[in-house]
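Remarks on the structure that follows.
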Amino acid sequence: MDDRSIGLGRDIHRLFEGRTLVLGGVVVEDSPVGFDTHSDGDVLSHAIVDALAGAIADGDLGTWYPEDDPDAEDARSLGFVEGMMRVVRGRGWELEHLDSFVTLGTVRLRPWIDRMRANVADALGVPAERVSVKARSNDGLGFEGAGEACSATTVVLLRRTGARG
């Protein structure tokens, strides 16, 4: 029996002036740009859902939270993480570790990282020591570096708990 599984998630959204930037459930208050999306657009939470779904080999964010679902309209994406983690646990898995990058070149994210980690850990129901969130600027390169988009990449390691749902 395989007792570990990994999953990889990635998300990217365009940025627009005058919108709210939400990452890891944190409103980045000093950001002049944010997402214009169906939910709150939280790319970090979206990448986490994709990684969790990938680790249990069952779809992605769109499978579990489709854009045409009226309940997802203006939804808090950290709630998607909570829901996906319930599915993961129901299938007999527990999160061992999560590692992630948020890439955005024009907004300083360092002051918000600890709150992002705490929010994500809380949503996953694990200690913050199991959650890593890092920020990168891309040195002005690409859509993220130019401030036209924000992306997140996440990898998770799950371990089998014995119970299978």
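Can you tell me which residues in the stretch 14-30 are touching a residue at least 40 places away in the same chain (Cβ under 8 Å) and surrounded by fewer than 21 Cβ atoms within 10 Å (Cβ to Cβ)? Of everything in the stretch 14-30, those that are touching a residue at least 40 places away in the same chain (Cβ under 8 Å) and surrounded by fewer than 21 Cβ atoms within 10 Å (Cβ to Cβ) turn out to be ARG14, ASP30.
Pairing each residue of the stretch 79-92 that is on the phi < 0 side of the Ramachandran plot with any residue that is of a type in the set (Ser, Thr, Tyr) and surrounded by fewer than 23 Cβ atoms within 10 Å (Cβ to Cβ), provided the two are 6+ apart or on different chains, yields C-beta distances under 6 Å for PHE80/TYR65. Taken over the stretch 111-126, residues that are without any contact (Cβ under 8 Å) to a residue 40 or more places away in the chain and outside any helix (DSSP H, G or I) amount to 1. Scanning the stretch 24-73 for residues that are in contact with a helix residue (DSSP H, G or I) (Cβ under 8 Å, 6 or more places away or on another chain) and polar (S, T, N, Q) returns SER39, SER45, THR63. In the stretch 91-110, the qualifying residues are those that are of a type outside the set (Gly, Ala, Ser) and in a loop (DSSP other than H, G, I, E, B), and the one that is nearest to ALA53 (Cα to Cα) is ARG91.
Could you look through the stretch 1-46, keep only residues that are touching a His at 6+ places or on another chain (Cβ under 7 Å) and hydrophobic (A, V, I, L, M, F, W, C), and pick out the one that is modelled with the lowest pLDDT? So that I can check it myself, show each step before the final result.
To start, the set of residues in the stretch 1-46 that are touching a His at 6+ places or on another chain (Cβ under 7 Å) comprises 11, 35, 37, 41, 43.
Filter once more, so that each one left must be hydrophobic (A, V, I, L, M, F, W, C): 35, 43.
Details: PHE35: 90, VAL43: 96.
Per the criteria, the residue is PHE35.
Filtering the stretch 57-80 for residues that are under 28 Å from GLU148 (Cα atoms), in contact with a Cys (Cβ under 8 Å, 6 or more places away or on another chain), among the hydrophobic types (A, V, I, L, M, F, W, C) and surrounded by 15 or more Cβ atoms within 10 Å (Cβ to Cβ) leaves an empty set. The set of residues from the stretch 136-165 being acidic (Asp, Glu) and surrounded by fewer than 20 Cβ atoms within 10 Å (Cβ to Cβ) comprises ASP139, GLU148.
The values are calculated or read from the model by the stated rules, or taken from the named source; none is laboratory data. If you're wondering where the values come from, they're calculated on a predicted model, not measured in any experiment. Reconstructed Cβ throughout: ideal geometry from the backbone, glycine too, with neighbour counts over all protein chains shown.
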